[in-house]
Each structure stands twice: as C-alpha cells, then as structure tokens.
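Please read the structure below before turning to the comments.
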Amino acid sequence: MLGLMQNQPMMISSLLTHAARHHAKGDVVSRLNDGTIHRTTWFETERRARRLARVLQTLGVAESDRVGTLAWNDFRHLEVYYAAPGMGAICHTINPRLHPDDITYIINHAGDRVLFVDVSFAGLIRQIAPRIAESVRAVVMMTDEAGMCELALAPGMRLRCYEVLMDAADEDYAWPRFDENTASALCYTSGTTGRPKGVLYSHRSTILHAYAGAMPDVLGLRAIDRILPVVPMFHVNAWGIPHSAAMTGAALVMPGRHLDGASLAALLHEERVTMTCGVPTVWLGLLQHLRSSGEKLPTVKRIMTGGSATPPLLVEAFGADYGISVEQGWGMTELSPVGTYNAPKPAQVGLSRQAAERHALKQGRILSGIDMKIVDGDGKELPWDGVAFGDLMVRGPWIASAYYGDPPESALDADGWFATGDVATIDPDGFMEITDRSKDVIKSGGEWISSITLENIAVSHPAVAEAAVVAARHPKWDERPLLLVVPRPGHTIDPAAVLKVYEGKVAKWWLPDAVVVVPELPHTATGKLLKTALRTQYRDYLARGAEGPDSTHD
Ligand code: ADP
C-alpha cells in the first residue's frame with residue numbers, strides 16, 4: 001500500500017521560491033571585481049532568476065542542455081545556479097584554475113551550449129574559443145553594457161552581454177515541475193586522478209544534500225545567520241551553501257574574486273558574517289592577516305574547513321586567539337560534496353582543550369541519510385576501532401552512481417557502494433579520519449604505510465615548509481616511502497635530522513628510505529599536492545641506487 005501524502009517532486013526552484021516568499025528581505029551580498037559591494041535580496045534573486053530563464057530560452061537553451069559557467073561567487077552566478085536547473089537545463093560549473101587544455105576538454109565533453117563568463121576570464125575564452133566552437137553557440141559576459149570587452153570568438157559563436165539580455169527579457173516565467181530525478185548540475189572532478197570526470201547531480205540529490213547540510217550538526221544554518229562561502233561556486237556547488245542558505249533564509253555573502261586575507265577579513269567584519277566555509281589555505285591566509293593587522297572578527301562564530309586535512313594550527317589559533325570554532329568537513333565531488341562533519345557527540349563534550357584539538361583533526365561522522373564503511377584489500381569490512389585503516393566506501397542518495405557519459409551504476413560495486421579513493425580509520429564513536437588516498441598509500445611488503453601520517457610528522461621539523469611522501473619501487477618490499485621536503489626560506493635541511501623526528505612516532509619499518517630536498521612541490525588547480533607527477537618522477541628513485549638504510553618490517 002502506498003502512503004497518501006502529496007507526491008510533489010523536489011525542485012531546486014522551490015528553494016528559491018521559498019526564500020523569496022518567506023525571507024524576501026534576506027540579504028544577498030556580492031563583492032564585485034572592482035571591489036565594490038553589490039546588494040540584493042532573496043526576493044530580487046528569484047525575480048531575476050525567472051528573467052534569466054527567459055534569457056536562456058532566447059539563447060536556444062532547451063531541457064537537458066548544458067549551461068557552462070566560468071565565474072566567481074557573486075549574484076549573477078547565483079542566478080545561473082537557479083535559472084538553468086529551474087527550467088530543466090543543467091548548470092555546469094567549470095573550474096577556471098584548471099589548465100586551458102583541461103577546460104577545453106571539459107567543455108567539449110559536457111557539450112556546453114552556452115557559456116556564462118566573468119569578464120576576468122575573457123582572455124581564457126579568447127585562447128580556447130576555436131577549440132570549443134563545435135558545441136558552444138554563445139558566450140555571455142556576466143556584466144553590464146559598460147563592462148563589456150572586445151572579444152573575438154570563433155565563427156558561429158556569439159558574444160552577448162548579461163545585463164543587456166536581462167533588460168530585454170520579461171519576468172512572466174513560471175517555474176515548471178518535472179521529475180525530481182532530472183539532472184540539475186554538472187561538475188568535473190579536478191583531475192588529481194587522471195582525466196576530469198563529470199558528476200551529474202539531480203534535483204532530488206541536491207535538495208536532500210541541502211537539507212542534510214543545513215542540519216544543526218553540520219552547517220547549522222538559521223535565518224539569522226549570515227554565511228560566506230569562500231569555497232568557489234565552481235568547486236562542487238560551493239559545498240551546497242547556495243542551496244542550504246536559500247532553504248533556511250540565511251543571508252548569503254559572496255566574496256567574488258577577492259580571496260586574500262585582508263579582503264576576506266573586511267567582508268566578514270563589515271557584513272557581520274556568522275559562519276564561513278573554505279579550504280585550509282584560505283584560513284591560513286586569513287590568520288596571517290589577522291595576526292599582522294591586529295584585527296578581530298567578533299561576529300564570526302564558526303569556520304568550516306574541508307577539501308584537505310585541517311592543519312592543527314588553524315584549530316588552535318582561531319580557537320584560542322579569536323574565539324572562532326574551526327570545524328572540519330570531508331567530502332568529494334562525487335558526494336555533492338559533503339559526506340562527514342566533525343561535530344561532537346556526548347562523548348566529546350568536556351574533553352580537555354588538548355584532546356578536543358586533537359579530535360578536531362578527524363574528518364568527522366557521516367551525515368544522516370548516507371552511510372560509510374572501511375574495507376581491506378579483499379573487500380572485508382574492518383572494525384571501527386580508530387586503528388584499522390582501509391578503503392573508505394560510501395552509499396546514499398546524494399552519491400554518484402556513474403560518471404557523465406559512462407554506463408549506469410558503473411561507479412559502484414556489486415552491493416551499491418562507491419569507493420571514495422580515500423583510506424581511513426573509523427573510531428568507536430563513528431568519527432572517520434583520513435589516513436591517505438588509496439593511490440598514495442605505500443604498500444610495503446603487503447602492509448600499508450600512510451603517506452599523510454609521514455608528511456605531517458615531517459612538517460613538524462622547523463626547517464621543513466612542505467613535505468610529500470610517495471611510493472618508490474623497491475626490489476624486496478615492492479614499495480617503500482620516499483620523503484620529499486621543501487626548506488623554509490633561509491633554512492637548510494639536514495636529512496638525518498628530519499628522519500630523527502620520526503623516532504617514537506611510527507614503527508621503524510614506516511621510516512622513509514630516503515629524504516630528497518626539493519625547491520618546490522607541484523600542486524593541482526585546487527591546491528592539493530600533485531602526487532601523480534611526483535610518483536612518475538620518483539618511482540625509480542630507489543632502484544637507481546639511491547636507497548638509504550636497508551628497511552625491515554620488524
Ligand atoms: P579531486 O578528487 O578531483 O581532487 P575533490 O574536491 O572532489 O576533487 O576532492 C575530494 C578529495 O579531497 C577527497 O577524496 C579527499 O581525499 C580530499 N578531502 C576532502 N576533504 C578532506 C578533509 N577534510 N581532509 C582530508 N582530505 C580531504
């Protein structure tokens with residue numbers, strides 16, 4: 001027997017119509033390219049999104065067409081976020097920090113019909129235009145008439161102005177209802193693991209993720225909150241914040257392209273932001289600025305950090321010196337992206353400051369609605385003892401089942417689990433802690449060594465600015481850890497002294513076989529260590545006869 005409740009499809013447009021109707025005056029604030037502040041409301045955003053849906057129609061965008069964006073976090077990008085899926089098309093956010101070849105590949109693979117482009121990326125478009133002309137029919141510069149630039153495009157591609165198109169459109173559009181499983185947005189993984197792969201979200205997955213993300217033990221958003229996503233809207237839906245904010249009526253404050261410590265501090269302060277979200281590098285920049293300027297951020301209660309592991313310094317310094325709680329989330333493009341969040345359970349209430357700071361370094365517990373487990377190399381589930389580490393698997397309604405263009409369910413195992421590519425422990429309270437990426441873990445004599453653990457210890461040496469541990473081929477043990485270190489400016493690194501810091505912290509057989517001092521390490525467009533490049537470069541380092549002391553597994 002079926003239930004007798006109304007069967008209304010979950011539509012992304014309904015988030016915006018809710019915000020416009022019930023939080024009409026709620027602020028939507030953007031810092032524009034020239035540094036000035038643009039103010040609007042949830043009411044006005046919904047009105048303009050309807051107008052933009054008409055613009056999309058006049059550009060020939062139909063249901064299921066991909067609408068690409070190359071844009072910062074601002075009100076126009078927010079309008080595309082709602083207008084494209086609202087009319088049944090797909091909002092495809094593109095990471096402008098990727099290499100132009102990757103951007104070209106992604107636009108062609110997605111088959112973007114129209115591109116919405118911030119004027120700061122005009123040069124990029126000029127460069128790639130001839131190579132994307134097969135699919136892209138129009139490039140809409142996200143500015144007004146005065147802000148338009150000259151831009152020669154390929155034959156068949158038209159250059160349009162956002163505000164000119166908006167002025168010519170009317171607002172009589174009514175948001176349609178359709179199957180909630182309809183595709184709504186497309187986002188490509190940043191390619192740390194080969195060619196970028198497209199993750200295709202649906203209206204249903206987006207709404208469920210927005211609910212889960214807004215819960216008290218995650219973003220904990222309320223209508224009186226003012227949230228600033230530093231995480232770009234081109235990086236996995238800005239962690240769902242544009243959706244969760246509309247759902248709760250929280251004010252949305254967007255930093256545009258101004259992501260340095262001083263600009264962020266000013267915006268956080270002037271706009272009375274209560275919560276802000278972004279990657280650790282951004283918070284290190286903010287901390288540096290606060291320390292040198294002596295400024296405080298009295299309105300900011302919480303910083304959510306994710307995307308890579310939280311440096312202990314962030315938790316300690318923001319907590320002790322600024323009264324701001326640094327909270328960690330974990331996720332990935334394939335998870336919409338949020339999978340876990342580190343919020344306390346009763347067992348963590350009343351922990352000593354030191355124990356709480358250590359606990360904050362865990363990636364957190366699973367969001368309600370999805371599930372996780374860790375398995376060994378044979379797929380056998382491992383215990384939640386905080387010690388055993390294995391491949392982290394997840395499943396749930398906002399987790400990808402296949403990549404764009406691949407056969408259905410091809411990203412899942414036989415039981416419907418998705419392998420995250422991360423290696424983790426889970427403690428008895430259900431807190432997950434990443435110990436590695438599966439491809440980065442060093443498989444020495446059949447046992448696993450965590451590269452992240454070794455890197456974290458290396459950077460505790462005062463002369464080490466950054467460290468990477470990669471697997472090098474070894475005739476006896478198959479793989480052995482190789483440590484690459486970058487010296488701090490003005491320091492020289494003594495490899496023996498670096499190896500000494502491992503004493504008593506890891507088993508002897510975990511010790512790196514060699515330490516290589518390098519001037520710098522390669523990074524991806526999202527700031528992560530590019531281990532693929534390092535692996536290729538150093539795979540045969542030990543085989544070339546540069547190994548250190550004979551390693552044993554005692
Ligand atoms: P990509 O995998 O293409 O680099 P994502 O942004 O999807 O792009 O990155 C997801 C990965 O980032 C995760 O699988 C994990 O390895 C890493 N990651 C995300 N959040 C955290 C975190 N809080 N701590 C450690 N690693 C994290």
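For the range 288-334, name all the residues that are within 11 Å of the ligand (Cβ to nearest atom) and open to solvent by 50 Å² or more (accessible area, probe 1.4 Å). Passing the criteria: 308, 309.
Just for the range 371-405: of the residues that are charged (D, E, K, R) and within 16 Å of the ligand (Cβ to nearest atom), which one is nearest to residue 438 (Cα to Cα)? Spell out how you get there, then give the answer.
First, the residues of the range 371-405 that are charged (D, E, K, R): 371, 373, 376, 378, 380-381, 385, 391, 395.
Add one more test, that the residue is within 16 Å of the ligand (Cβ to nearest atom), and what stays is 373, 391, 395.
Values: 373: 15, 391: 7, 395: 18 Å.
So the residue we want is 391.
Taken as a whole, the condition of being open to solvent by 20 Å² or more (accessible area, probe 1.4 Å) and under 26 Å from residue 364 (Cα atoms) applies to residue 211.
Would you check which residues across the range 153-169 are among the charged types (D, E, K, R) and outside any helix (DSSP H, G or I) and list them? Outline the logic, then answer.
To start, the set of residues in the range 153-169 that are among the charged types (D, E, K, R) comprises 158, 160, 163, 167.
Scanning the range 153-169 gives 158, 160.
Among the residues of the range 211-227, the one identified as touching a helix residue (DSSP H, G or I) at 6+ places or on another chain (Cβ under 6 Å) and either in a strand (DSSP E or B) or closer than 19 Å to residue 401 by Cα (or both) is 227. Counting only strands (runs of 3 or more DSSP E) wholly contained in the range 423-538, the ones carrying 1 or more residues that are under 30 Å from residue 345 (Cβ atoms) occupy 432-437, 447-449.
Every test in (1) surrounded by fewer than 19 Cβ atoms within 10 Å (Cβ to Cβ); (2) part of a strand (DSSP E or B) is passed by residue 406 save one, and that test is (2). With respect to the conditions (1) on the phi > 0 side of the Ramachandran plot; (2) of a type outside the set (Phe, Trp, Tyr); (3) without any contact (Cβ under 8 Å) to a residue 60 or more places away in the chain, residue 488 lacks only one, and its number is (1).
Per-residue answers, yes or no, for (1) under 17 Å from the mean Cα position of the chain (by Cα); (2) away from the ligand (no atom under 14 Å from the Cβ):
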{"position": "180", "(1), (2)": "no, yes"}
{"position": "195", "(1), (2)": "no, no"}
{"position": "199", "(1), (2)": "yes, no"}
{"position": "206", "(1), (2)": "yes, yes"}
{"position": "211", "(1), (2)": "no, yes"}
{"position": "216", "(1), (2)": "no, yes"}
{"position": "223", "(1), (2)": "no, yes"}
{"position": "226", "(1), (2)": "no, yes"}
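The one condition from (1) under 17 Å from residue 213 (Cα atoms); (2) touching a strand residue (DSSP E or B) at 6+ places or on another chain (Cβ under 6 Å); (3) open to solvent by 40 Å² or more (accessible area, probe 1.4 Å) that residue 344 does not meet is (2).
Taking the criterion of being more than 15 Å from residue 75 (Cβ to Cβ) and open to solvent by 30 Å² or more (accessible area, probe 1.4 Å), the residues of the range 235-257 that qualify are 235, 247. For the range 1-20, a residue qualifies if it is out of contact with any His (no Cβ under 8 Å at 6 or more places or on another chain) and surrounded by 13 or more Cβ atoms within 10 Å (Cβ to Cβ), and the qualifying residues are 13, 14, 16, 17, 18, 19, 20.
For the range 437-485: of the residues being among the hydroxyl-bearing types (Ser, Thr, Tyr) and touching an Asp or Glu at 6+ places or on another chain (Cβ under 9 Å), which is most open to solvent (accessible area, probe 1.4 Å)? Step by step, filter the range 437-485, then rank; the result is 453.
Each residue in the range 164-198 was checked for being among the β-branched types (Val, Ile, Thr) and touching a Pro at 6+ places or on another chain (Cβ under 9 Å), and 2 pass.
Of all residues in the range 410-427, those satisfying the criterion of being surrounded by 13 or more Cβ atoms within 10 Å (Cβ to Cβ) and either assigned by TED's automatic domain parsing to the domain that holds residue 450 or not polar (S, T, N, Q) (or both) are 411, 412, 413, 417, 418, 419, 421, 422, 423, 424, 426, 427.
The values are calculated or read from the model by the stated rules, or taken from the named source; none is laboratory data. On a predicted model such as this, the values are computed, not experimentally measured, just so you know. Here the Cβ is made from the backbone with ideal geometry for all residues, glycine too, and neighbour counts use every protein chain on show. These area figures cover heavy atoms from the full protein model, side chains too; ligands, DNA and RNA do not enter into them. Shrake-Rupley method; radii C 1.70, N 1.55, O 1.52, S 1.80 Å.
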